[in-house]
Amino acid sequence: MSKTYISLALRRLVTERANDQCEYCRLPANLSFFPHELDHIIAEKHGGQTISENLALTCWRCNRHKGSDLGSFDLHTKEFCFLFNPRTQSWSEHFSLSHHHIEGLTPEGRTTVKLLQLNTSERIAERKRLTP
């Protein structure tokens, strides 16, 4: 599948709206080794469109782990749950940051933490280095 063209104006809008940080793990783009990327929240293969309402700014790690997934199983409820959607949901309602760990507060938050591997030792070390 070929990549869909995303205009510079649309890239700028998504980046500014995200305050230039990953919308999943909150890593600032200027502190990332690799450039942040635009992710289709609902992948094109699932019918997602290339419009601002379906695009999120992501770090390369979050984007690679998410891929085209829409959800997974919540470890607590054992039920299928959609991933956190940065366009329709508030980060602070689904996550909290505690001692460099991102905690999932809801099924969507827990599922996203697990699937995107937000608390690997590398990612925790990265947050420690970035926090004064």
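The values are calculated or read from the model by the stated rules, or taken from the named source; none is laboratory data. Because the structure is a prediction, the values reported are computed rather than measured. Note that each Cβ is placed from the backbone with ideal geometry, even for glycine, and that neighbours are counted across all protein chains shown.
Residue-by-condition table, conditions (1) at pLDDT below 95; (2) closer than 22 Å to Leu116 by Cα:
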site	(1), (2)
Thr4	yes, no
Leu13	no, no
Arg17	no, yes
Tyr24	no, yes
His36	no, yes
His46	no, yes
Ile51	no, no
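I'm trying to understand the selection: among the residues of region 120-132, which are in contact (Cβ under 8 Å) with a residue 12 or more places away in the chain and not in a helix (DSSP H, G or I)?
Within region 120-132, just Thr131 meets the criteria.
Looking at region 1-59 only, could you name the residues that are of a type in the set (Val, Ile, Thr) and in contact with a Gly (Cβ under 6 Å, 6 or more places away or on another chain)?
Ile42 - this is the single residue of region 1-59 that is of a type in the set (Val, Ile, Thr) and in contact with a Gly (Cβ under 6 Å, 6 or more places away or on another chain).
I'd like the residue in region 85-119 that is more than 14 Å from the chain's Cα centre (by Cα) and assigned to a loop (DSSP other than H, G, I, E, B) and, out of all such residues, is surrounded by the fewest Cβ atoms within 10 Å (Cβ to Cβ).
Among them, the one singled out is His99.
Suppose the filter is surrounded by fewer than 20 Cβ atoms within 10 Å (Cβ to Cβ) and touching a residue at least 12 places away in the same chain (Cβ under 8 Å); does Gln49 pass it?
No.
Looking at Leu57, is it surrounded by 12 or more Cβ atoms within 10 Å (Cβ to Cβ), under 12 Å from the mean Cα position of the chain (by Cα) and more than 21 Å from Asp20 (Cα to Cα)?
For Leu57, the condition - surrounded by 12 or more Cβ atoms within 10 Å (Cβ to Cβ), under 12 Å from the mean Cα position of the chain (by Cα) and more than 21 Å from Asp20 (Cα to Cα) - is not met.
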